[in-house]
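First comes the structure, then the notes that go with it.
Quick note: the coordinates plus some simple rules give every number you see, no bench work behind them. Quick caveat: nothing in here was measured; it's all calculated off a predicted structure. So basically every Cβ, Gly included, is an ideal-geometry build from the backbone, and we count neighbours across all protein chains shown.
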Amino acid sequence: MFLEKINSSNKQILLVVLESIQSRGIDGLIMNLFPTENRSLLRTNIESSSTMLDFLFYRTKVISRRETYTTKDYKKLAKIIRYLLKSESSTFIVYVCKYYYAEFSQIIAQQLPSTITKGNWYNLHKCFHILLQNGTKIDAVSGWLLYASYYHVTGQFNITLRLTDYVLSRWSPDMMLDYEYDCQLHRSCYRQNIHSTMTLNDGMKISTIRDVICIINSSLIPEELQLEVETEVFDIPPVVMSHCLNFLSYHHLCDIFNRQKSLQDIQFQQAVYLIR
């Protein structure tokens, strides 16, 4: 973790931080990272300390997808996380492990074959559902959209439409995108949407959203969008993905009226993102 990153200019800072963690735990870590704006709050306000811990995670988490990783690699990582979940006593680390387990589940599901033959239908179908259900725990919407996309590529368009309706009902403009942790407006909205007894994972599922991340050659992306993932990872804003799945599903169902309405919704969202 610290290989080739420690030098004479930063080793003393690191020692101070490590000593504060040893003596005061997570509060000691937060006080070193947020030395002025939160020092008094951390001593007196448990809710503030818990919230700052959430933002600490958003600030330090790394993008865990790797274009060169295989299903086998991600399964190994998932196995390590399952071991940590059984052995780790730190509540915060357990929550972080659960986040990455959900993220890896989304990725592994996209590496499975979408063509289900009669002989392997049951086992593969079961595997998809376990992974996709785990993937819904990462935020409020992205996992459900991968689930909706799974039903689309398997020809179950009416289920896709029910799931996209569910996603759009959950989505709210006051939700925090997982990379907007430094925006004071979104931080304020996040604080209003959670409470002090809520875990990091529960807070993510009701208060944060993130783009749907489609890996290279994802098996869960509709055939009409396969060109987008031939050579690179494709990130799709959740509302755009919802309307896109609606458009494609209505097209396959020959529902011309709703197909046209979904197309207008896509065009509107494009305009919104251009303004932003």
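Key figures
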| read-out | value |
| --- | --- |
| GluC sites (Glu not before Pro) lying in DSSP loop within segment 191-276, provided at most 12 other Cβ fall within 10 Å | 230, 232 |
| Net length gained if the chain between residue 206 and residue 185 were fully extended (0.36 nm per residue, minus Cα distance) | 5.9 nm |
| Computed label-point distance, nm, for sites residue 260 and residue 216 using a 7 Å Cα→Cβ extension | 4.2 nm |
| Distance violations [Cα-Cα > 20 Å] among 76/98; 86/205; 72/126; 75/137; 86/126 | 86/205; 86/126 |
| Contour minus Cα-Cα distance for residue 75 and residue 270 (0.36 nm per residue) | 66.6 nm |
| Alpha carbon centroid spacing (whole Å) that separates segment 197-248 from segment 144-178 | 9 Å |
